[in-house]
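The values are calculated or read from the model by the stated rules, or taken from the named source; none is laboratory data. As the structure is a computational prediction, the values presented were derived from the model and not from experiment. All Cβ positions, even for glycine, are placed from backbone atoms using ideal geometry, and neighbour counts span all protein chains on display.
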């Protein structure tokens, strides 16, 4: 299989705020199965630079989250975080973009200018993101 065909078959569905979560992921999460899934996805994103579809609602990371209920997140915070990332970065739901381009835009418009706390300071995992320097991002 050619590299281009392989890349096309690896399209992941990623909700906007997960561009932030993946940057700071360090093996903590809601459950063991969630952490394992998140680790596999961040590994794939970091190694293969697949195309992603910017997804409204549950994505490939959410599939092992205990907050997922009948295909939707029980927390309204996730939708709020998504809307803020869309607004700041200029993304649109349904947009297909390479992971590298997506994560580069998030870094340039949110992480490096230190706008993270304005988006998700009320997240239960924010202590992880606020504890890491921007020079030590996962992917």
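Among the residues in segment 74-81, are any buried (at least 18 other Cβ atoms within 10 Å of the Cβ), part of a helix (DSSP H, G or I) and modelled with pLDDT of 95 or more? Yes, segment 74-81 contains a residue that is buried (at least 18 other Cβ atoms within 10 Å of the Cβ), part of a helix (DSSP H, G or I) and modelled with pLDDT of 95 or more.
Working only within segment 58-73, note down all residues that are within 17 Å of residue 45 (Cα to Cα) and assigned to a loop (DSSP other than H, G, I, E, B).
First pass over segment 58-73, keeping only residues within 17 Å of residue 45 (Cα to Cα): 59-63.
Matches in segment 58-73: 59, 60, 61.
For segment 36-57, does any single residue satisfy the condition of being farther than 17 Å from residue 16 by Cβ, touching a helix residue (DSSP H, G or I) at 6+ places or on another chain (Cβ under 7 Å) and in a loop (DSSP other than H, G, I, E, B)? Yes: one or more hits.
Only one of 11, 85 is loosely packed, with under 15 Cβ neighbours inside 10 Å, out of contact with any helix residue (DSSP H, G or I) (no Cβ under 6 Å at 6 or more places or on another chain) and in contact (Cβ under 8 Å) with a residue 60 or more places away in the chain. Can you tell me which? Let's see the steps before the verdict.
Details: 85 fails: loosely packed, with under 15 Cβ neighbours inside 10 Å.
Checking each option against the conditions leaves just 11.
Given the structure, is residue 93 over 19 Å from residue 44 (Cβ atoms) and loosely packed, with under 15 Cβ neighbours inside 10 Å? Judged against the criteria, residue 93 is a match. Looking at segment 118-128, which of its residues are in contact with a helix residue (DSSP H, G or I) (Cβ under 7 Å, 6 or more places away or on another chain) and surrounded by 11 or more Cβ atoms within 10 Å (Cβ to Cβ)? Across segment 118-128, the qualifying residues are 119, 120, 123, 126, 128.
Within segment 2-9, one or more residues are modelled with pLDDT under 90 and in contact with a strand residue (DSSP E or B) (Cβ under 8 Å, 6 or more places away or on another chain). Applying the set (1) surrounded by 15 or more Cβ atoms within 10 Å (Cβ to Cβ); (2) modelled with pLDDT of 90 or more; (3) more than 13 Å from the chain's Cα centre (by Cα) to residue 113 leaves exactly one unmet item: (1).
Of all residues in segment 106-134, those satisfying the criterion of being free of Cβ contacts under 8 Å to residues at least 60 places away in the same chain and part of a helix (DSSP H, G or I) are 108, 109, 117, 118, 126, 127, 130, 131, 134. For segment 33-73, name all the residues that are surrounded by fewer than 14 Cβ atoms within 10 Å (Cβ to Cβ) and farther than 24 Å from residue 97 by Cα. Once the filter is applied, which keeps residues that are surrounded by fewer than 14 Cβ atoms within 10 Å (Cβ to Cβ) and farther than 24 Å from residue 97 by Cα, segment 33-73 yields 33, 36, 66, 69, 70. Considering only residues that are over 13 Å from the mean Cα position of the chain (by Cα) and in a helix (DSSP H, G or I), which ones fall in segment 11-35? Hits for segment 11-35 are 32, 33, 34, 35.
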